[in-house]
1. Would you check if ASN24 is in contact with a helix residue (DSSP H, G or I) (Cβ under 8 Å, 6 or more places away or on another chain), part of a loop (DSSP other than H, G, I, E, B) and touching a residue at least 24 places away in the same chain (Cβ under 8 Å)?
2. From the list VAL82, VAL22, VAL41, VAL36, pick out the single residue that is within 22 Å of SER236 (Cα to Cα), at pLDDT 95 or above, surrounded by 22 or more Cβ atoms within 10 Å (Cβ to Cβ) and away from ligand 1 (no atom under 16 Å from the Cβ).
3. What tally of residues in the range 113-155 results from selecting those that are without any contact (Cβ under 8 Å) to a residue 60 or more places away in the chain and either under 30 Å from ARG199 (Cβ atoms) or assigned to a loop (DSSP other than H, G, I, E, B) (or both)?
4. Here's a check for you: in the range 1-19, which residue that is more than 8 Å from ligand 1 (Cβ to nearest atom) and either part of a loop (DSSP other than H, G, I, E, B) or of a type in the set (Ser, Thr, Tyr) (or both) is nearest to the chain's Cα centre (by Cα)?
5. So which of ARG273, ARG243 ends up being exposed (fewer than 14 other Cβ atoms within 10 Å of the Cβ) and modelled with pLDDT of 90 or more?
6. I'd like the full set of residues that are assigned to a helix (DSSP H, G or I), crowded, with 17+ Cβ neighbours inside 10 Å and either modelled with pLDDT under 95 or within 13 Å of ligand 1 (Cβ to nearest atom) (or both), limited to the range 214-240.
7. For the range 70-84, what are the residues that are in contact with a helix residue (DSSP H, G or I) (Cβ under 8 Å, 6 or more places away or on another chain) and not in a loop (DSSP other than H, G, I, E, B)?
Amino acid sequence: MAKAKVIAVANQKGGVGKSTTVFNLGAGLAMDGKKVLLVDVDPQGDLTKMLGQRKPHDLPLTLGNVMNDVVGGSIDQAHPEVMHHHEGFDFVPGNRTLSAVEVGLVNVMSRETVLRQYIDSIKGNYDYVLLDCRPSLGMLVINALSASDYVLIPVQADYLAAEDMTELIGTVQSIKRQINPRLKVGGVFLTMANDTNFRKDVVAAVRENCGKSLPVFQTVIPATVRLAEVSTADKSIFKHEPRGKAAAAYRNLVREVTDIGTKQRQKSADISR
Ligand SMILES: Nc1ncnc2c1ncn2[C@@H]1O[C@H](COP(=O)(O)OP(=O)(O)OP(=O)(O)O)[C@@H](O)[C@H]1O
Ligand SMILES: [Mg+2]
């Protein structure tokens, strides 16, 4: 059985490229032959739309329904909620049902780990499970972080984003302490960059605000209309403009994300020697 890595893509700031990253990273990992599941944990359903389900709120069976099932104590192990994308990966759609779930969680036992119970029931079929978070630090994001091995943090390059990140890093640390000791920051990376010369300054600011040891990827995702087009093209950047700079950047991100686990394994192997 595959040992899945569960990775949340999170930043409470809106519109920084979380959903775009989940789609393209997932498609890139699938191109590399990995078994991939994308999960839309955002009531906006943006990822679900990007994946070709233009009316996410009309879908009868979504993440919100299965989270309700978990709360009710029953998970359908056949997983009829899972859909397939033509680029070779699976996804669980999300829609506004999740808003009601988030509100209802307040009164639920183990409210922080409802999503984890669901992910644990399904992740055995996959190498990678990627969770697309909504732009907040509310209960759905806490659930996503509680279910994850790693969190990836996209940061907008032309924005004083470093200060915004301290709250997210604080949330990650307290979830690690209280709920999910295996949670790590897999990497911070810059998105929507117009000029990669900014990189040094933004990276320095991120480190100053969030700790020197915070891993920052080499990958910088450029700002390009090609990536904006992906949200309605029903295909990833690898199909939309395979030879462009955005595809090259996301290919690099795929490599760096794949490396997270490898380095981790090497490290733990070294320690046990
Ligand atoms: N590198 C990029 N260059 C240009 N446009 C981009 C890039 N990445 C994403 N976009 C566009 O910017 C908008 C926001 O991107 P996206 O939806 O991925 O962000 P998000 O962080 O998921 O937003 P939210 O916080 O609302 O969930 C979308 O219209 C998307 O198509
Ligand atoms: Mg989004």
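1. The answer is no for ASN24.
2. Being within 22 Å of SER236 (Cα to Cα), at pLDDT 95 or above, surrounded by 22 or more Cβ atoms within 10 Å (Cβ to Cβ) and away from ligand 1 (no atom under 16 Å from the Cβ) holds for just one of VAL82, VAL22, VAL41, VAL36, which is VAL36.
3. Selection size over the range 113-155: 1.
4. Selected residue: ALA10.
5. ARG243
6. Within the range 214-240, LEU227, VAL230, ILE237, HIS240 meet the criteria.
7. VAL70, VAL71
The values are calculated or read from the model by the stated rules, or taken from the named source; none is laboratory data. Note that the coordinates shown come from a computational prediction; the quantities given were computed from them, not determined experimentally. Cβ atoms come from the backbone with ideal geometry, glycine included; neighbour counts cover every protein chain shown.
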